[in-house]
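Everything on this sheet refers to the single structure shown next.
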Amino acid sequence: MKKATALTLAGMMAVSSVASASMSRWNGFGAAQAFIADVQDIWTLPGVAASNADSTYFEFGSGVAASSNTSNSGFNNIKGTAPWGGNHMTLGPGVLAIWGNRPYSEGSGIDTGYTAPTGVISGSAPAAFTLVPRQTIDLIYAFKVSDTLDLAVGLNLASNGTKTEIATTGSPTTVTEESSSDFGITLGGEVKELGAIKLLEIGLQYNMGSAVNTNNDGVDTNKYTAAQADLDLRIGADVVDGANFQRIELGVNTDSLDVKDEPSTRVSSIPATAYQKSENKAMGWNLGWAMGKTSDKGMGLGGFTLSGLSQSRNEAYNTTEVNKWDKSSMTLAFVSAGEAKVKEWLTARAGISSTLWGSTSRVTETGTPAALTKNTLTTPSGPSTTLSAGLSFVFGDITIDGVLNQDVLYTGTYFVSGVPASLNSQVSATWGWGGSKE
């Protein structure tokens with residue numbers, strides 16, 4: 001299978017080339033996934049699509065909620081329970097990738113665990129924003145400019161909407177509407193044989209999203225609105241010496257999110273402790289390095305990741321009072337992963353991530369400009385370790401990847417414990433056809 005020079009040069013090729021193309025394979029490596037080449041890199045490095053033609057991908061979902069907020073800082077951190085998938089096919093001088101229903105991932109690191117603004121509004125207030133964009137379509141076209149240069153461009157669109165009408169005898173009908181949408185563009189490139197760097201990958205994404213939540217109780221119309229902008233940059237470089245390799249990763253993203261409470265014009269007064277606008281900004285970054293070795297039987301790597309995140313929120317009261325906070329965090333972690341071909345039809349993989357050091361600082365300011373109360377809280381992070389594992393089963397041109405349910409390791413066949421545990425917590429399938437099998 002022509003999985004690309006990108007995978008081979010990176011020195012992180014899968015032991016089974018067909019297996020190297022799913023979220024389940026990625027998640028089986030855990031945090032070390034950032035250093036391992038895979039088709040799923042297309043969401044941050046779209047140029048990868050140029051070397052992965054004529055294949056179909058199925059993602060059957062997992063048990064992780066799509067709305068869970070995480071910081072990808074340039075990495076892919078896609079989550080979701082709904083099935084999704086895509087198809088890569090040769091078209092003209094390049095490869096067209098079409099994916100549907102990919103889970104929406106805000107990915108900025110902005111803390112979205114707040115309620116909607118608390119301005120007092122007459123009538124019933126709409127609920128906080130809960131509607132995650134769905135009905136996603138992704139289009140990426142990647143093409144080879146030369147033997148050493150691939151370029152790619154992509155578009156994505158996600159939307160969602162609901163409307164509820166409640167009619168009560170003797171009262172006006174209450175109408176609640178909520179909608180959300182996201183539109184993004186992505187650019188990418190791959191440069192091969194750039195001096196000591198065998199492969200340089202660059203990806204840039206820009207997304208803008210909006211949401212509206214309206215409640216009309218027949219007398220007043222009250223509305224929450226949200227606007228978001230997200231810019232992400234990821235750069236990866238591979239240095240290869242025979243079977244030995246090194247990978248350097250750099251990711252930077254910035255994000256802004258403004259939420260407004262637009263109450264009915266009939267509102268005559270708003271308490272001093274209520275706000276009508278929430279302004280949020282965040283910037284995340286990561287720097288990673290790993291080294292490892294590959295063979296036709298498998299591969300292994302170890303390295304370090306240093307990541308940071310800064311956030312700010314300003315929810316100024318409607319009087320002259322101040323209500324804002326700033327938060328920053330930094331984490332250093334050790335990561336390691338390996339993959340081995342057990343049989344021609346079976347591949348096993350595992351990953352480990354261990355936090356070596358971490359710290360979080362939060363500064364809160366409340367009160368009036370003349371009499372501010374300022375609190376600073378710094379919290380060190382204790383040690384933590386995360387393990388992950390996965391399996392791949394090859395059936396001809398089809399590969400089934402799974403993220404191993406760790407309960408299985410403790411309950412086994414559960415003849416003794418009596419506690420059943422499914423083999424996998426997430427499952428993916430890859431079907432190679434046409435030129436991909438050459």
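Quick look at the numbers
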| item | result |
| --- | --- |
| Residue count for the range 160-176, restricted to those that are closer than 30 Å to Q205 by Cα and either surrounded by 16 or more Cβ atoms within 10 Å (Cβ to Cβ) or of a type in the set (K, R) (or both) | 1 |
| All positions within the range 377-399 that are within 30 Å of N323 (Cβ to Cβ) and surrounded by 10 or more Cβ atoms within 10 Å (Cβ to Cβ) | L377, T378, T379, S381 |
| Tally, over the range 169-200, of residues that are touching a strand residue (DSSP E or B) at 6+ places or on another chain (Cβ under 8 Å) and either touching a residue at least 60 places away in the same chain (Cβ under 8 Å) or farther than 19 Å from A142 by Cβ (or both) | 21 |
| Some residue of the range 312-327 being at pLDDT 90 or above, within 28 Å of I36 (Cα to Cα) and within 27 Å of the chain's Cα centre (by Cα) | no |
| Selection count, the range 143-194, where residues are among the small types (G, A, S), under 19 Å from the mean Cα position of the chain (by Cα) and either outside any strand (DSSP E or B) or modelled with pLDDT of 95 or more (or both) | 2 |
| Subset of the range 217-230 that is over 17 Å from P133 (Cβ atoms), in contact (Cβ under 8 Å) with a residue 60 or more places away in the chain and of a type outside the set (V, I, T) - its residue that is surrounded by the most Cβ atoms within 10 Å (Cβ to Cβ) | N222 |
| Subset of the range 277-326 that is over 13 Å from E249 (Cβ atoms) and of a type in the set (V, I, T) - its residue that is surrounded by the most Cβ atoms within 10 Å (Cβ to Cβ) | T294 |
| Residues of the range 363-395 that turn out to be in contact with a Leu (Cβ under 9 Å, 6 or more places away or on another chain) and of a type in the set (F, W, Y), as a count | 1 |
| The range 231-244, residues that are surrounded by 22 or more Cβ atoms within 10 Å (Cβ to Cβ) and either of a type in the set (V, I, T) or out of contact with any Lys or Arg (no Cβ under 7 Å at 6 or more places or on another chain) (or both) | D232, R234 |
| Among (1) polar (S, T, N, Q); (2) modelled with pLDDT of 85 or more; (3) closer than 30 Å to A337 by Cβ, the one test that T364 misses | (3) |
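Each row is one residue, and each column tells you yes or no for (1) at pLDDT 50 or above; (2) touching a Gly at 6+ places or on another chain (Cβ under 9 Å); (3) on the phi < 0 side of the Ramachandran plot; (4) in a loop (DSSP other than H, G, I, E, B).
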{"residue": "A6", "(1), (2), (3), (4)": "no, yes, yes, no"}
{"residue": "R25", "(1), (2), (3), (4)": "yes, yes, yes, no"}
{"residue": "Q33", "(1), (2), (3), (4)": "yes, yes, yes, no"}
{"residue": "T56", "(1), (2), (3), (4)": "yes, yes, yes, no"}
{"residue": "G61", "(1), (2), (3), (4)": "yes, yes, no, no"}
{"residue": "A66", "(1), (2), (3), (4)": "no, yes, yes, yes"}
{"residue": "G80", "(1), (2), (3), (4)": "yes, yes, no, yes"}
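The values are calculated or read from the model by the stated rules, or taken from the named source; none is laboratory data. Predicted model, so just to flag it, every value in this text is computed and none were measured. Counting neighbours? That spans all protein chains shown, and the Cβs are built from the backbone with ideal geometry, glycine included.
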